[in-house]
Amino acid sequence: MDYKVKDLSLAEQGKKQIEWAEIHMPALMEIRKQFEKEKPLQGLRISAVLHVTKETAVLVKTLKIGGATVALAGSNPLSTQDDVAAALVEEGIRVFAWRGETEKDYYDNIKEILKYEPQIIMDDGGDLHAYVHENMPQLKLFGGTEETTTGVIRLKAMEEQGVLRYPVIAVNNAFTKYLFDNRIGTGQSTIDGILRATNILIAGKVAVVAGYGWVGRGIAQRLRGMGARVIVVEVSPLRALEAVMDGFDVMPMSKAAELGEIFITATGNINVIRKEHILKMKDGAILANSGHFNVEIDVKGLKEMAKSSRLIRPNLEEYELPNGKRIYLLAEGRLVNLAAAEGHPSEVMDLSFSNQALSVKYIYENRGKLENKVYNVPQEIDETVAKLKLKGMGIEIEPMTQEQIEYMKQWRYGT
Ligand code: NAI
């Protein structure tokens, strides 16, 4: 079997990590049990670009148990957990990923996983979808899935331009995905990444969060919970208003730049923190990004301006500006929760990846019947995932009485 990972001797440690994740992913493990019995993916070839973490390992093992053969590449040059990658090779997954890939390695690995002529592809960020569209017109796909907001935006642009060649399920848009993964998972793991890289005290710091979407809300709320004074920067009047009413200070980056001590971008947009902002920042300001791509902070601009730079400790680089101030960049401006920590906790990925597993099954079962469009996760799947998760947590919910069911269908009852 083909593979390319850093060091196969790490497999034993990776196996333990995966087992640890499995204990915290009851919904996906329940799906695995069904897959084991029913083999709904029998004969299916899947290629996936996902962050190679212990949680992704639980997902790809489940797909394999369901009958699929899987090839896996990393979704970011810095997010692969090498021990997990090694353990997956031993599980019979074709893994092409290691931490510290160059951009060329990253695309070479995408090419490798496409050699197996997948019938379904799974992506996180849209690079795999874009690559297939630009370079592999001959590839016949039943469909694909997309894990994150940035990827969904790219796929919707393809759909609008009439170039999307296969149906895609936007896993990101499931209620049981964005509400928990983007908000709660990124909220916690972003702070985890910042702490592992810096070990600073959050309490009392002025933190600036750019973007008050699902990710930004989670980060802002958790920073506040730890005692930070949080400023939100937004371009949308609706989201800005929401942030104000949630009790945050809202202002443009040009003003926030002078006040902040920690800056975190979570917009999915480009050059949100630019040279002119960096020059206004206080000595010691810390810059981190949790958006999908490393384009939110103008790292190139920072490097061009800097008189000198040095690595203080892993994922913490110091840049000295001509004005004498020192600016600290975390994880090269790549998503800090994956590059400096371990990504989302397993409990959250349990929800996202249960949606992935059931969406792949849905595409396979409905092959040939779907249009070349971006579909939301069917509500039935979303609800199944919520039910499985609640069951795994041992939580019962209130059933409606027959009278209540009837009442909710009425329009005549009033005052
Ligand atoms: P979202 O669309 O809900 O929120 C983005 C927000 O940023 C919007 O409110 C938008 O108005 C705002 N925004 C856009 N340009 C801006 C600018 N120049 N300045 C300030 N605000 C601006 O998206 P969501 O779900 O919050 O995702 C944000 C990013 O995080 C995406 O790139 C997504 O792929 C990524 N993501 C990262 C995760 C991680 O593990 N680090 C997990 C989930 C998503």
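Failed condition for ILE312, given (1) without any contact (Cβ under 8 Å) to a residue 24 or more places away in the chain; (2) within 12 Å of the ligand (Cβ to nearest atom); (3) β-branched (Val, Ile, Thr), with all others met?
(2)
Any idea which of THR176, THR198 is of a type in the set (Ser, Thr, Tyr) and either buried (at least 24 other Cβ atoms within 10 Å of the Cβ) or within 14 Å of the ligand (Cβ to nearest atom) (or both)?
THR176 is the lone residue from the list that is of a type in the set (Ser, Thr, Tyr) and either buried (at least 24 other Cβ atoms within 10 Å of the Cβ) or within 14 Å of the ligand (Cβ to nearest atom) (or both).
Take the residues in segment 254-271 that are more than 11 Å from VAL209 (Cβ to Cβ) and either free of Cβ contacts under 8 Å to residues at least 24 places away in the same chain or within 10 Å of the ligand (Cβ to nearest atom) (or both), then tell me which one is surrounded by the most Cβ atoms within 10 Å (Cβ to Cβ).
The qualifying residue surrounded by the most Cβ atoms within 10 Å (Cβ to Cβ) is GLY268.
Could you count how many residues in segment 222-240 are more than 13 Å from GLY260 (Cβ to Cβ) and either of a type in the set (Lys, Arg) or surrounded by fewer than 22 Cβ atoms within 10 Å (Cβ to Cβ) (or both)?
The qualifying residues number 11.
Those residues that are buried (at least 24 other Cβ atoms within 10 Å of the Cβ) and either modelled with pLDDT of 95 or more or assigned to a helix (DSSP H, G or I) (or both), I need them from segment 67-79; list them, please.
ALA68, VAL70, ALA71, LEU72, ALA73, GLY74
Take the residues in segment 292-331 that are among the hydrophobic types (A, V, I, L, M, F, W, C) and more than 19 Å from LYS282 (Cα to Cα); name whichever of them is farthest from the chain's Cα centre (by Cα).
Among those residues, the one meeting the criterion is LEU311.
Return yes when GLU146 is over 26 Å from SER290 (Cβ atoms), surrounded by 16 or more Cβ atoms within 10 Å (Cβ to Cβ) and either touching a strand residue (DSSP E or B) at 6+ places or on another chain (Cβ under 6 Å) or modelled with pLDDT under 95 (or both) and no when it is not.
Considered against the rule, which asks whether it is over 26 Å from SER290 (Cβ atoms), surrounded by 16 or more Cβ atoms within 10 Å (Cβ to Cβ) and either touching a strand residue (DSSP E or B) at 6+ places or on another chain (Cβ under 6 Å) or modelled with pLDDT under 95 (or both), GLU146 comes out as no.
What's the total number of residues in segment 24-34 that are assigned to a helix (DSSP H, G or I) and either touching a helix residue (DSSP H, G or I) at 6+ places or on another chain (Cβ under 8 Å) or buried (at least 20 other Cβ atoms within 10 Å of the Cβ) (or both)?
7
Is there a residue being outside any helix (DSSP H, G or I), under 18 Å from the mean Cα position of the chain (by Cα) and surrounded by 15 or more Cβ atoms within 10 Å (Cβ to Cβ) anywhere in segment 358-371?
no
Each row is one residue, and each column tells you yes or no for (1) of a type outside the set (Ser, Thr, Tyr); (2) in contact with a strand residue (DSSP E or B) (Cβ under 6 Å, 6 or more places away or on another chain).
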{"residue": "ARG313", "(1), (2)": "yes, no"}
{"residue": "ILE327", "(1), (2)": "yes, yes"}
{"residue": "GLU347", "(1), (2)": "yes, no"}
{"residue": "SER352", "(1), (2)": "no, no"}
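Could you check segment 235-253 and list, in sequence order, the residues that are more than 11 Å from the ligand (Cβ to nearest atom), among the small types (Gly, Ala, Ser) and under 13 Å from GLY216 (Cα atoms)?
None - no residue of segment 235-253 is more than 11 Å from the ligand (Cβ to nearest atom), among the small types (Gly, Ala, Ser) and under 13 Å from GLY216 (Cα atoms), so the list stays empty.
Scan segment 187-216 for residues that are assigned to a loop (DSSP other than H, G, I, E, B), in contact with a helix residue (DSSP H, G or I) (Cβ under 9 Å, 6 or more places away or on another chain) and among the small types (Gly, Ala, Ser) and jot them down.
Those that are assigned to a loop (DSSP other than H, G, I, E, B), in contact with a helix residue (DSSP H, G or I) (Cβ under 9 Å, 6 or more places away or on another chain) and among the small types (Gly, Ala, Ser): GLY211, GLY213.
Does at least one position in segment 239-250 carry a residue that is touching a helix residue (DSSP H, G or I) at 6+ places or on another chain (Cβ under 8 Å), within 24 Å of TYR328 (Cα to Cα), of a type in the set (A, V, I, L, M) and not in a strand (DSSP E or B)?
Checking segment 239-250: not a single residue is touching a helix residue (DSSP H, G or I) at 6+ places or on another chain (Cβ under 8 Å), within 24 Å of TYR328 (Cα to Cα), of a type in the set (A, V, I, L, M) and not in a strand (DSSP E or B).
For the condition within 20 Å of the chain's Cα centre (by Cα) and either of a type outside the set (D, E, K, R) or more than 22 Å from GLY143 (Cβ to Cβ) (or both), what is the one hit in THR80, THR69?
Going through THR80, THR69 in turn, just one is within 20 Å of the chain's Cα centre (by Cα) and either of a type outside the set (D, E, K, R) or more than 22 Å from GLY143 (Cβ to Cβ) (or both): THR80.
Working only within segment 272-293, note down all residues that are within 16 Å of the ligand (Cβ to nearest atom) and among the acidic types (Asp, Glu).
Within segment 272-293, just GLU276 meets the criteria.
Among the residues of segment 381-406 satisfying the criterion of being assigned to a helix (DSSP H, G or I) and exposed (fewer than 10 other Cβ atoms within 10 Å of the Cβ), which is modelled with the lowest pLDDT?
GLU403
Let me confirm something: among ILE219, ILE184, which residue is crowded, with 24+ Cβ neighbours inside 10 Å, at pLDDT 95 or above, outside any strand (DSSP E or B) and within 13 Å of the ligand (Cβ to nearest atom)?
ILE219
The values are calculated or read from the model by the stated rules, or taken from the named source; none is laboratory data. Quantities reported herein were computed from a predicted structural model and do not represent experimental measurements. Using ideal geometry, Cβ is built from the backbone for each residue, glycine included, and neighbour counts are taken over all protein chains shown.
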